1. Would you confirm whether or not segment 275-284 contains a residue that is among the basic types (Lys, Arg) and more than 21 Å from Gly27 (Cβ to Cβ)?
2. If Gly11 passes every condition in (1) of a type outside the set (A, V, I, L, M); (2) surrounded by fewer than 19 Cβ atoms within 10 Å (Cβ to Cβ); (3) within 12 Å of the ligand (Cβ to nearest atom) but one, which one does it miss?
3. Are any residues in segment 226-246 in a helix (DSSP H, G or I), crowded, with 20+ Cβ neighbours inside 10 Å and among the small types (Gly, Ala, Ser), and if so, which ones?
4. Based on this model, can you work out whether Ala49 counts as free of Cβ contacts under 8 Å to residues at least 60 places away in the same chain and of a type in the set (Gly, Ala, Ser)?
5. Restricting attention to segment 28-59, which residues are away from the ligand (no atom under 15 Å from the Cβ), farther than 25 Å from Ile254 by Cβ and of a type in the set (A, V, I, L, M)?
6. Of these, Val294, Val261, Val277, which one is within 22 Å of Val139 (Cα to Cα) and modelled with pLDDT of 95 or more?
7. Any idea which of Ala17, Ala46 is under 28 Å from Gly227 (Cα atoms), at pLDDT 95 or above and surrounded by fewer than 21 Cβ atoms within 10 Å (Cβ to Cβ)?
Amino acid sequence: SNGILTVCVSGAAGQIAYSLLPLIARGDVFGRDQPIELHLLDIKPALDALHGVVMELHDCAFPLVRNIVETDDPMVAFQHADVTILGGSFPRRPGMERRDLIAKNVNIFKAQGQALDRVASKNVKVVVVGNPSNTNALVLSHYAPSIPKQNITALTRLDQNRAVGQIAMRTGVNADQVEGVAIWGNHSATQYPDVTHATVNGEPVMPKLGGRQAVAEEFIPCIQKRGAAILKARGLSSAMSAASAIGDHLKSWILGDSKIVSMAVASDGSYDVKPGVYFSFPVRCSAGGDYEIVQGIEMDEFSRKYVSATTEELFAERQEALELCAV
Ligand code: NAX
């Protein structure tokens with residue numbers, strides 16, 4: 001276009017956006033020389049709060065920010081969007097069944113998918129953050145048939161970063177000395193944070209974490225339940241770390257990355273995960289927005305058990321969502 005990147009954030013009055021917007025506006029995600037137009041979407045009751053966020057963005061006087069749009073209309077927000085970050089969703093309330101949660105979110109991601117299909121750039125890159133994020137991505141894609149499925153992703157980089165952070169802390173190294181951690185499956189408690197091929201300074205991590213049994217009983221549940229632990233401690237869900245992970249996800253995807261990273265993408269039969277769900281895989285990103293699922297990773301019985309559990313959960317979510325889409 002005119003050299004300005006149009007970045008849309010939904011849930012823009014929320015707490016993740018509050019940590020994310022300065023990263024984007026400062027140039028930490030798309031580059032220090034990439035001018036940005038921000039399209040900020042939230043629902044009507046949050047528009048006053050959103051306006052406060054916009055006032056603060058003006059007060060930051062970020063040179064890269066060329067224009068800011070604030071709206072409660074997805075058709076306005078997604079207009080010419082090059083990148084779309086979808087954090088607005090219906091939160092799980094205590095006692096809510098998964099089916100009810102999916103039902104609330106099907107309506108949101110149906111409307112957003114239809115709008116995206118009509119007004120966004122056909123090459124738009126989407127990252128779904130609002131939970132249940134993998135299935136919300138599926139619903140979005142279902143209602144945005146003109147947007148290539150590969151252009152829609154869901155965030156599991158936070159789970160990857162959590163696993164890397166824990167390994168670094170537990171083994172006493174810097175985070176950049178940890179490699180080969182992968183997140184498989186759903187962004188939920190069934191996710192599989194896979195350390196069977198992970199290394200610290202080139203040495204296998206598994207023994208350093210106490211071996212298979214300790215990994216199964218301690219490390220994996222720690223990552224799977226990390227979100228709940230943050231919520232309990234802060235009284236609010238993860239926001240700074242989520243924003244940081246969204247920045248990492250987009251930077252890897254759009255600018256390319258020499259390291260393998262995890263993101264939830266449309267399944268294509270790799271690793272026996274049938275097409276039809278958004279599933280977190282290790283991927284290799286090349287500059288310009290292309291990525292491929294890394295092939296040939298050896299999967300032992302230990303790993304297979306976890307991968308099949310999270311696959312089963314995602315197909316159950318898919319079925320519930322598609323039944324709701326059909327009515
Ligand atoms: P907040 O509740 O602070 O903000 C959400 C914002 O979305 C609110 O301003 C709300 O008004 C808005 N919203 C609701 N429905 C909307 C709609 N239909 N269109 C546009 N905006 C809408 O939540 P926050 O802490 O920012 O988290 C956002 C989402 O990220 C939640 O669904 C949360 O569960 C999810 N998370 C996902 C993570 C991931 O790794 N995939 C990790 C962090 C986070 O828990």
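1. Among the residues of segment 275-284, at least one is among the basic types (Lys, Arg) and more than 21 Å from Gly27 (Cβ to Cβ), which makes the answer yes.
2. Among (1) of a type outside the set (A, V, I, L, M); (2) surrounded by fewer than 19 Cβ atoms within 10 Å (Cβ to Cβ); (3) within 12 Å of the ligand (Cβ to nearest atom), Gly11 violates only (2).
3. Gly227, Ala242, Ala243, Ala245
4. Yes.
5. Answer for segment 28-59, where residues must be away from the ligand (no atom under 15 Å from the Cβ), farther than 25 Å from Ile254 by Cβ and of a type in the set (A, V, I, L, M): just Met55.
6. Val277
7. From the options Ala17, Ala46, the qualifying one is Ala46.
Results for (1) over 11 Å from the mean Cα position of the chain (by Cα); (2) closer than 14 Å to Asn134 by Cβ; (3) among the polar types (S, T, N, Q), shown as yes or no for each residue.
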position	(1), (2), (3)
Met240	yes, no, no
Ala243	no, no, no
Leu255	yes, no, no
Val261	yes, no, no
Val273	yes, yes, no
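The values are calculated or read from the model by the stated rules, or taken from the named source; none is laboratory data. What you see is a predicted model, and the numbers here were worked out from it, not measured in a lab. No Cβ is skipped: glycine too gets one built from the backbone with ideal geometry, and neighbour counts run over all protein chains shown.
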